[in-house]
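The values are calculated or read from the model by the stated rules, or taken from the named source; none is laboratory data. Please read all numbers here as calculations on a predicted model, not as lab measurements. Cβ atoms come from the backbone with ideal geometry, glycine included; neighbour counts cover every protein chain shown. We work out accessible area using only protein heavy atoms, side chains counted, and drop any ligands, DNA or RNA first. Shrake-Rupley method; radii C 1.70, N 1.55, O 1.52, S 1.80 Å.
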Amino acid sequence: MNRETQEQKLKHLLAYVSAHSPYYRKVFREHGVDIDSIVSIADLVKLPFTSKDDLAAANDDFLCVPKSRIADYVTTSGTLSDPVAFYLTDSDIERLAINESDSFRCAGGSEHDIYQLMTTIDRRFMAGLAYWMGARRMGAGMIRVGPGAPFLQWESIQRFSPTVIIAIPSFIPRLIDYAQANGIDYNASSVKSVICIGEPVRNADFTYNGLGKRITSQWNVKLYSTYASTEMGAAFTECEEGKGGHLNEDLLILEVVDEAGQTVKDGELGEVVISTLGVEGMPMLRYKTGDLCHVYYATCGCGRKSPRLGPVVGRKQQMIKFKGTTIFPPALFDVLDMVKEIDLYQVVVSKNEYGNDDVAILIPMALDTQIFREMLHSLFKSRLRVTPSFQFITAEELSLRIYKQEKRKPEKLIYI
């Protein structure tokens, strides 16, 4: 899409929310915003940001249509706060299908593929619905297995021969372990690639991180990273080059900003800010996601000219100050994912008596030996310069803490 077309879509978005969104009408009035003065992407700086707190506090005021027109009700995952409701019209659901079909094609997919879905499609989860809709629009097959259940996953792979699996990447080592324990030749399976959701498998320089290395060193599959959120109703998906997730310029306007709200330069780190194009139910304008990514504007090796986002380095709300060092949870996960003996873990962040962050890592009791503790201590010291405390509990208890029935995603990180 050329810039002129995107700016036409921006003008339509502004006119639409001005006419139909109680929230944005109030914001425009309070900030003296003249939407006719916003004629280019660069003019977006005339508008205030929309924050997660704004969305939570005035949830239904973002809705632009009568509730009688809502076709699907979804909520955010509520990682750090209560889930926020999002309302989708028929048009919004079709937009999801367009996004995911485009994303699948970006990741080398076609109508000849069969996708195996290892995430939930229920529990008010937008992504599961989007994957199914995208495969249907593209003309590909879809096996809806859902999360967990390694036996059922392998039974489905052996029975239906999917070419692509869609999964939270930390589940893949469990899938490999099950195959090894049950004599399944997973490298001879039909699976050629994995679309990874919810967790990064690459470092900021696009090399595989600990989890990415762990998977690809054992299983000859291609990993494709994705980055998405309920609020944007779209996804940034890697191409064959593996150099960042591509922006779908038909569906989103992207800004990446520093602490002062200024646009960062090519290759720099900033907070991801999105404005949604073509959303009917709950459009977002300059929405600050809280996610920190590097952005790349140069043409990709695949030939696409759209901006790309590197893996999420961390969330602003999840920044940990531990023993004088700033850490984001993905850095802790990466160290733990390097250790092949660890198949379950949970990071617990709390405040000590002085109001400073403490970090404890829960690990299965079967690994509790002096040698293993010393190895972990040395590994964290060399990688992060600080060492959290380690607590060993039964694998059953740990599994229950991580895979809660009421949660859509594994709880690898909690704050208490």
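Rounded, prolate or oblate for segment 305-416? Axes are the square roots of the Cα gyration tensor eigenvalues, ordered a ≥ b ≥ c, and the cut-off for rounded is a/c under 1.5.
It comes out rounded by the Cα gyration axes.
I need the phi-derived Karplus couplings for segment 251-262: 6.51 cos²θ - 1.76 cosθ + 1.60, θ = phi - 60°, integer Hz, Gly and Pro marked x.
Those phi angles translate into 10, 9, 9, 10, 10, 10, 10, 8, 4, 8, x, 8 Hz.
Just from its helices, what would the mean residue ellipticity at 222 nm be for the chain, if runs of 4 or more DSSP H residues each count -39500 (n - 2.57) and the sum is divided by every residue, rounded to the nearest 500 deg cm²/dmol?
Using -39500 (n - 2.57) per qualifying helix, the result is -9500 deg cm²/dmol.
Mark the label point 7 Å from the Cα of residue 385 along Cα→Cβ and return the residues of segment 323-344 whose backbone N is within less than 14 Å of it.
Flagged as within label range: 323-328.
Using a Förster distance of 22 Å, how high is the FRET efficiency between residue 152 and residue 404, based on the Cβ-Cβ distance and rounded to 0.05?
With R0 = 22 Å, the Cβ-Cβ based efficiency is 0.65.
Please go through the residue pairs 26/351; 26/321; 265/323; 192/409 and name each one whose alpha carbons sit more than 29 Å apart in this structure.
Pairs exceeding 29 Å: 26/351; 26/321; 265/323.
Starting from the Cα gyration tensor of segment 271-322, take the square roots of the eigenvalues, sort them a ≥ b ≥ c, and report rounded, prolate or oblate (rounded when a/c is under 1.5, otherwise prolate if a/b is larger than b/c, else oblate).
Verdict is oblate for segment 271-322.
Stretch residue 42-residue 259 to full length: gain in nm at 0.36 nm per residue minus the Cα-Cα span?
Computed gain between residue 42 and residue 259 is 76.3 nm.
Specify the longest stretch of the chain that does not include any exposed loop site, a site being one of the GluC sites (Glu not before Pro) with a non-H, G, I, E, B DSSP assignment and at most 16 other Cβ atoms within 10 Å.
Segment 112-239 is the longest.
Between segment 98-174 and segment 1-37, what's the alpha-carbon centroid distance in Å?
Centre-to-centre distance over Cα atoms comes out at 36 Å.
For segment 166-179, what does the Karplus curve 6.51 cos²θ - 1.76 cosθ + 1.60, with θ = phi - 60°, yield as ³J(HN,Hα) per residue in whole Hz, taken in order and with x for Gly and Pro?
So the Karplus estimates, Gly and Pro as x, are 10, 7, 5, x, 5, 7, 4, x, 5, 5, 5, 4, 5, 4 Hz.
Which residues in segment 95-132 have a backbone N closer than 16 Å to a point placed 7 Å from the Cα of residue 216 along the Cα-to-Cβ line?
Once the point is set 7 Å along Cα→Cβ of residue 216, 107-108 turn out to lie under 16 Å by backbone N, inside segment 95-132.
Report, largest value first, the span of the C-alpha coordinates of the chain along each principal axis, in whole Å.
Reported extents, whole Å, longest axis first: 67, 57, 43.
Using only the alpha-carbon atoms, how far is helix 150-160 inclined from the longest principal axis of the chain? Give it as 0 to 90 degrees, nearest 10.
Relative to the chain, helix 150-160 is tipped by roughly 70 degrees.
Starting from the 7 Å offset along Cα-to-Cβ, what nm value, one decimal, do you get for the label separation of residue 56 and residue 26?
1.7 nm
If R0 is 45 Å, what FRET efficiency do you get for residue 297 and residue 392 from their C-beta distance, rounded to 0.05?
0.45
Quantify, in whole percent, the carbon and sulfur part of the accessible surface of the chain (1.4 Å probe; protein heavy atoms only).
The value for the chain is 49 percent carbon and sulfur by accessible area.
How would you classify segment 1-136 from its alpha-carbon gyration tensor, with a ≥ b ≥ c the square roots of the eigenvalues: rounded for a/c under 1.5, else prolate if a/b is greater than b/c, otherwise oblate?
oblate
Taking H placed 1.01 Å from N in the peptide plane, check which residues at least 5 places from residue 223 or on another chain put their amide H under 5 Å from its amide H.
Placed amide hydrogens put 194 under 5 Å from residue 223.
Counting other Cβ atoms within 10 Å of each Cβ, which trypsin sites (Lys or Arg not before Pro) in segment 14-84 have at most 12 and sit in a DSSP loop?
Listed in order of number, the matching sites amount to none.
Averaged per residue, what accessible surface does the chain expose to a 1.4 Å probe, in Å²?
It amounts to 45 Å² per residue over the chain.
When only C-alpha pairs under 8 Å and at least 6 residues apart count, what is the relative contact order of the chain, in percent?
The value is 12 percent.
Mind checking the full-extension length gain between residue 375 and residue 110? Use 0.36 nm per residue of separation minus the Cα-Cα distance, one decimal, nm.
Gain on extension, residue 375 to residue 110, equals 90.9 nm.
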